[in-house]
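Presented below is the structure to which this report refers.
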Amino acid sequence: MTVLDCNGRPLVLDSAVVMGILNVTPDSFSDGGRFLDRKSAVSRAVAMQQAGAAIIDVGGESTRPGAALVSAEEEMERVVPVIESLRTELDIPLSVDTSKPEVMAEAVRAGAGMINDVNALRAEGAVELAAELGVPLCLMHMQGEPRTMQKAPSYTDVVGEVRSFLQERLACCREAGIAEGKVLVDPGFGFGKTLAHNLALLRNLHRFADLGAGVLAGISRKSMLGALTGRDADERLAASLAAAVLAVERGAVVVRVHDVAETVDALSIVKAVTGSDE
Ligand code: 7PJ
């Protein structure tokens, strides 16, 4: 049995699980900032738990292409009170989607049980801090930075390069004393990638499974699905479910999604057919 101890709450990864996305940003593209207010953030998270989410990912910094930078203070004001409330209202673990060490520290103090960093702990002091905080981590690959990453993504071998990057970040964590079993890796769909890059990564996702870390995939409602279907973000449910199923078939153990109930249903079919719990 694979269990991550997320600040006292277990995340069981014997079969693929759903991470529900809770954006607490005023400009987040998929919920338009409607959940900024703490009470509605909490009720949305409770609904995601009831729908079968195994963990809720709380993010206060929009990382969509071209998004404005947010100060650590502003980000903390957005996420810390929400994490404090969720810690008492929910039973499942919480993760914090941040790249800033100050936010990581405050969020874990407030009850977050995982650090999900789209920058893979490359900020000054982040690896050492993560080792000290002791919670599980998700290391994501990104080429460039959110403001400019979609301008000219370029790779000669996208799968090999993303894999090497994650391997290097895992080694860095190991050297800092972080147990390998505590770390998830994520190729970072849409973060400095063209449609062709994203498709190559999804097609070859099984190649990340042998890095010695669980694989997390975040494809829900992303623009790669819009490019393939011609649909706006709020009409990408079917495409998101197909992507989640394909990712889990290729070894993903966590899928980060907006539509929790639907994804849980889809994954129950994958589990029944592939026997991924055996
Ligand atoms: C991801 C994320 C992702 C991980 C975002 C969005 C953009 N964290 N945070 N993986 N994406 N680990 O949800 O569209 O793909 S924010």
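Of all the listed residues (130, 68), the sole one being within 16 Å of the ligand (Cβ to nearest atom) and more than 18 Å from the chain's Cα centre (by Cα) is 68.
Output yes when any residue across region 169-187 is under 19 Å from residue 64 (Cα atoms) and out of contact with any helix residue (DSSP H, G or I) (no Cβ under 9 Å at 6 or more places or on another chain), and no when none is. There is no residue in region 169-187 that is under 19 Å from residue 64 (Cα atoms) and out of contact with any helix residue (DSSP H, G or I) (no Cβ under 9 Å at 6 or more places or on another chain). Of the residues 169, 207, the single one that is in contact (Cβ under 8 Å) with a residue 12 or more places away in the chain, among the charged types (D, E, K, R), part of a helix (DSSP H, G or I) and crowded, with 18+ Cβ neighbours inside 10 Å is 169.
Among the candidates 218, 226, 181, 188, single out the residue that is away from the ligand (no atom under 15 Å from the Cβ) and either within 18 Å of residue 161 (Cβ to Cβ) or not aromatic (Phe, Trp, Tyr) (or both). Step by step, each of 218, 226, 181, 188 is checked, and only 181 is away from the ligand (no atom under 15 Å from the Cβ) and either within 18 Å of residue 161 (Cβ to Cβ) or not aromatic (Phe, Trp, Tyr) (or both). Tell me, please, whether a residue that is away from the ligand (no atom under 12 Å from the Cβ), crowded, with 23+ Cβ neighbours inside 10 Å and in a helix (DSSP H, G or I) can be found in region 113-121. Within region 113-121, not a single residue is away from the ligand (no atom under 12 Å from the Cβ), crowded, with 23+ Cβ neighbours inside 10 Å and in a helix (DSSP H, G or I). If you check 192, 144, 160 for being of a type in the set (Gly, Ala, Ser), in a loop (DSSP other than H, G, I, E, B) and modelled with pLDDT of 95 or more, only one passes: 192. Being buried (at least 18 other Cβ atoms within 10 Å of the Cβ), among the charged types (D, E, K, R), within 21 Å of residue 255 (Cβ to Cβ) and out of contact with any strand residue (DSSP E or B) (no Cβ under 8 Å at 6 or more places or on another chain) holds for only one residue in 182, 193, and it is 193.
Of the candidates 207, 174, the single residue that is away from the ligand (no atom under 16 Å from the Cβ), more than 28 Å from residue 51 (Cα to Cα) and in contact with an Asp or Glu (Cβ under 9 Å, 6 or more places away or on another chain) is 174.
The values are calculated or read from the model by the stated rules, or taken from the named source; none is laboratory data. It should be emphasised that the depicted structure is a prediction, and the values quoted were computed from it without experimental measurement. Don't worry about glycine lacking a Cβ; one is built from the backbone with ideal geometry, like all the others, and counts go over all protein chains shown.
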